[in-house]
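Step one of this worksheet: look at the structure below.
What follows draws every value from the coordinates through simple rules; no lab data is involved. Keep in mind the model is a prediction, meaning the values are calculated, not measured.
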Amino acid sequence: MAQGVQTRGHPIRKARGQLSGNAATRLCPKVFPCSRLTCAVFRRSLGLCVAPPWPDNNNACDSTRRPPSVIVSLDWSNNANVDLMVVTPDGRTAGGRRRTLDAPDGQTWTSSTIPPSVGRIDFDAGANCAADSLRRENLLFPEPPPSGAYRIHARLTSPCGATATTVRATLLQREALTDGTYTLRAVRTTLATLHATQTDTTGVGTYLFTVEF
């Protein structure tokens, strides 16, 4: 359960397990650079952990919980309105105000019926140039998506007064470990600079990379 404490933008949560009397003095790598062992000591001794900047089903605090199968996380450098856009193998898109992939012809999806293999974007950050301080959007596939090539783009919907913004897209994939726990592993990161002249309100924006399943 979240403790309501913020450290560099990442909430500190109550970790799975018991508290002990030995207080750790160092935090997990999400806060300060340190070893995996230090992070483990911190979690065990204080019963706390630091949540990552993407929805992970509380896996960072309890590694027995399954995180999403695939996450594409896009963050950027200023208060520009940037949208994470994805194009599926069959040409459907999600991004901006359309945060869930369109249902195939003849089907209607609601929040309770959308299949877990369908991608959805968690938040429309920076909409209407609102300085919400998030500067991040995450595309989530709770379970493995249908096979094919998925194209990832970043769209500069509005520069919001900036001449350029730097974007970073990180691809994370769920990995099952031999001890029955799970982790999210970053498998690639792509950087790009979006200039104000590339403003695009209707297209998919600047191509970043393709991921195949």
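How large is ³J(HN,Hα), in whole Hz, for each residue of segment 138-150 in order, when computed from phi with the Karplus curve 6.51 cos²θ - 1.76 cosθ + 1.60 and θ = phi - 60°, using x for Gly and Pro?
10, 8, 10, 10, x, 10, x, x, x, 5, x, 9, 10
With all distinct Cα pairs included, what does the Kirkwood hydrodynamic radius of segment 54-213 come out to in Å, to one decimal, could you say? Provide the component values of the computation, followed by the final result.
Working: mean 1/r = 0.0617 Å⁻¹.
Its Kirkwood hydrodynamic radius stands at 16.2 Å.
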